[in-house]
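The values are calculated or read from the model by the stated rules, or taken from the named source; none is laboratory data. Keep in mind the model is a prediction, meaning the values are calculated, not measured. Positions of Cβ are backbone-derived with ideal geometry, glycine not excepted, and every protein chain shown enters the neighbour counts.
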DNA sequence: GTCTATATGCGGATAGAC
DNA sequence: GTCTATCCGCATATAGAC
């Protein structure tokens, strides 16, 4: 069946790319794991890069939509009191982990997500970023309210830190599990992550010494 | 000159791998950029993988030594009062940025570092982690003191979050600069990062509801 | 839609002259 | 130590039979 082939390719690609990374995963690997013919990838997707785009779109779009949906919900509920920092952060961080728990702790997807954030080349980052842009902007606006002491010169950076701790955790969480005795579930980790991010975002602003001098060096 | 060739290869490899990633960077790319012969990489380093190891070692060892040195210093100074959270976090986060500023804001190295943390395959992670292990352990012990409310089940995770925000920032910081009006220097970013990490590490522990129920959803 | 066979090029590595 | 020439395998992609 045709659509079955497409799905099997997407699943296998997601798995393998999450495992080994995009450049190190060959179409031979993918088609073998999916138990389909080598040529079918090009037939169904056009190219290896287009396959990657399809793999990402299948997961990222629902996640970003879910983020916006959750944000809408809490903002509606909160009325003009404004949503709490905790709720906003949770709305941002939980969707990737939600998808996760639906599958019974298949960590591959989290690692793929982690890789997406950091592995791709510069052009691809632009594409990814442009899709992410809307989400980023809306959460920036939402966060501004419970964090009035932050400005345009530090709120975006702190959001970047939050995304970084999330992405890194998705990518390394599995290795981490093995090192610790750790019976932590992804849900436990998510809760820790939310606590960490809330506190980090709300941290007092470091006293600006307004650039005493470019810390320079000869050579 | 021989040693000059080695250095040129290391420099070019660092640059290109930071740019495009390890698997996507060919030895032909490297030797062309370094203006040396293709065969010289194998002559001097043995293999492409060994070259990567050399590239990393050249930078990581000084950074990790510097981290431990700074930790020693602040612990000596602080006596039995114990070092402050801020000083410990700073000792951990600043060395990569220090190396950086010595070179006059060549972001390549920071991006390479970011990639190391996220791009490599599982075997390589093990190697990297084993070198990092000592540093991680010593800082975990040091952090335990100003953070007595944390335990073995959450301190390591929070340290992972800290490393994640750092790695991600190193990897994406450059793109970030471009997006914002941002006249932020790496030093500004470092200060923001330290503030974020301190607060995140010190965050109150989320009330353990001992797994009320998997946050569920129907599809 | 699926498959085989193949085109075409790039990858890491090395033999051997200088 | 450096270079050329080359081995050899794997990569993506596609032509064309079924």
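Taking the stretch B:13-28 on its own, how many of its residues are surrounded by 17 or more Cβ atoms within 10 Å (Cβ to Cβ), within 13 Å of DNA strand C (Cβ to nearest atom) and either within 23 Å of the chain's Cα centre (by Cα) or within 14 Å of chain A (Cβ to nearest Cβ) (or both)?
Of the residues in the stretch B:13-28, 8 are surrounded by 17 or more Cβ atoms within 10 Å (Cβ to Cβ), within 13 Å of DNA strand C (Cβ to nearest atom) and either within 23 Å of the chain's Cα centre (by Cα) or within 14 Å of chain A (Cβ to nearest Cβ) (or both).
Matching residues to (1) more than 17 Å from residue B:159 (Cα to Cα); (2) at the interface with another protein chain (Cβ under 8 Å from one of its Cβ atoms); (3) modelled with pLDDT of 95 or more:
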site: A:150; (1), (2), (3): yes, no, yes
site: A:158; (1), (2), (3): no, yes, yes
site: A:162; (1), (2), (3): no, yes, yes
site: A:165; (1), (2), (3): no, yes, yes
site: A:170; (1), (2), (3): no, no, no
site: A:175; (1), (2), (3): no, yes, no
site: A:178; (1), (2), (3): no, no, no
site: A:182; (1), (2), (3): no, yes, no
site: A:187; (1), (2), (3): yes, yes, no
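Please return the ranges of helices (runs of 4 or more DSSP H) entirely within the stretch A:27-85 where 3 or more residues are away from DNA strand D (no atom under 16 Å from the Cβ).
A:48-78
Just checking, does the stretch B:52-74 include any residue being within 16 Å of DNA strand C (Cβ to nearest atom) and within 14 Å of chain A (Cβ to nearest Cβ)?
For the stretch B:52-74, residues within 16 Å of DNA strand C (Cβ to nearest atom) and within 14 Å of chain A (Cβ to nearest Cβ): present.
Within the stretch B:127-155, count every residue that is closer than 18 Å to residue B:204 by Cα and assigned to a helix (DSSP H, G or I).
4
Take residue B:110 and decide whether it is in contact with a helix residue (DSSP H, G or I) (Cβ under 8 Å, 6 or more places away or on another chain) and at pLDDT 75 or above.
For residue B:110, the condition - in contact with a helix residue (DSSP H, G or I) (Cβ under 8 Å, 6 or more places away or on another chain) and at pLDDT 75 or above - is not met.
Within the bounds of the stretch A:34-48, is there any residue that is more than 16 Å from DNA strand C (Cβ to nearest atom), out of contact with any strand residue (DSSP E or B) (no Cβ under 6 Å at 6 or more places or on another chain) and more than 14 Å from chain B (Cβ to nearest Cβ)?
No: zero hits.
Taking the stretch A:1-26 only, how many residues are in contact (Cβ under 8 Å) with a residue 40 or more places away in the chain and within 12 Å of DNA strand D (Cβ to nearest atom)?
Number of matching residues: 4.
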